[in-house]
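In what follows, a structure is listed as structure tokens, so that the remarks can point back to it.
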Amino acid sequence: MTAVACTGLRHAFGDQVAVDDLDLTVRSGEIFGLLGPNGAGKTTAIRLITTLLPVRPGMVTVFGADPARRPLAVRRAIGYVPQLLSADGSLTGRENVSLFARLFDVPRRERADRVDGALTAMGLAEAADRMVKTYSGGMVRRLELAQALVNRPRLLILDEPTIGLDPVARGALWDKVTELRATTGATVLVTTHYMDEADQYCERVALMHRGRIRALGTPGELKAALGPESTLEDVFRHHTGDTFAETQGGFRDVRGTRRTARRLG
Ligand SMILES: Nc1ncnc2c1ncn2[C@@H]1O[C@H](COP(=O)(O)OP(=O)(O)OP(=O)(O)O)[C@@H](O)[C@H]1O
Ligand SMILES: [Mg+2]
């Protein structure tokens, strides 16, 4: 069974092509890592998959459903933790998760149990009634996972879930993700800039660069293809045109850096 299938996906913002003829298949039940440098098009691809951007041209299906024709079926199947913060600091953890439960139309009589279940699964039972502005970064990220889980999604999409977290908090978050996959069988599509995480936790990874998939396989396969002793970081550099390895600081890299600088203001 296929969780996500993309063929010939393309999306441009003005003349900036963000996703360029993208083909990608995520198998049901796997933890799939989408890797790539800043601006590679990862978040845009996710927005196309989650119905947040219109698919044209190309084709997406999520568990066989086409977001263009059955957006509700797709949204019901998905739990999404966006790259930018989605929790409200002036509410408690429980209130934030309850909000999502209402948003997702969880039946009223099931709501309290589901909210409790999601908070407990993310290790937030004790902190549930504290305001979120008192949480650590790691707790906020776990709360966002709880928000996404209240929907009991078959597909969990996490856009840089561990960015800015300390190593212990990163480990704790990944423990929750793997535990969740083991208990619910959910498929996980995750983006990260941490190659060690991708290597350790993702069954397959795709390297995206300038809107396209440049390499795809298990971390072991990708490393072996590059040579003995290669790390996933070497694979990343190889496929994304590292300054030293490939172009020795040519025009492409200067342009890439400028573009990043412009995006960050
Ligand atoms: N709303 C937007 N309007 C204009 N351009 C955009 C918009 N969103 C993304 N882009 C451009 O599309 C390209 C891909 O961006 P995207 O956010 O998908 O990359 P990313 O791989 O998620 O990067 P990062 O790792 O920094 O999150 C970039 O060149 C970006 O500047
Ligand atoms: Mg992004």
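Rule-based calculations on the coordinates, nothing more; no lab input. The model shown is predicted, which means the values in this text are computed figures rather than measured ones. Methodologically, a virtual Cβ is constructed for each residue, glycine included, from the backbone with ideal geometry; neighbour enumeration extends over all protein chains shown.
Counting DSSP beta bridges with both partners in the chain, what percentage is antiparallel, nearest 5? Roughly 55 percent of the beta bridges in the chain run antiparallel, per DSSP. Can you check what the net charge comes to around residue 55, using other residues whose Cβ is under 12 Å from the Cβ of residue 55 (Lys, Arg +1; Asp, Glu -1)? Neighbourhood net charge equals +3.
Across the stretch 65-80, rounded Karplus estimates of 3J(HN,Hα) from the backbone phi angles (6.51 cos²θ - 1.76 cosθ + 1.60, θ = phi - 60°) give 8, 8, x, 5, 9, 10, x, 5, 4, 5, 5, 5, 7, 10, x, 10 Hz, Gly and Pro being marked x. Put simply, the chain fits an ellipsoid with semi-axes of 31, 21, 18 Å; these come from the alpha carbon gyration tensor as the roots of five times its eigenvalues, largest first. Electrostatic bookkeeping for residue 112 treats Lys and Arg as +1 and Asp and Glu as -1; over the other residues with beta carbon under 14 Å from its beta carbon, the sum is +1. Using a Gaussian network model of the chain in which every pair of alpha carbons under 10 angstrom is joined by a spring, one finds that among 226, 207, 180 the greatest mean-square fluctuation is at 226.
Put the Cα centre of the stretch 52-123 next to the Cα centre of the stretch 159-180 and the gap is 19 Å.
For the stretch 64-222, the equivalent ellipsoid built from the Cα gyration tensor has semi-axes of 27, 20, 14 Å, listed from largest to smallest.
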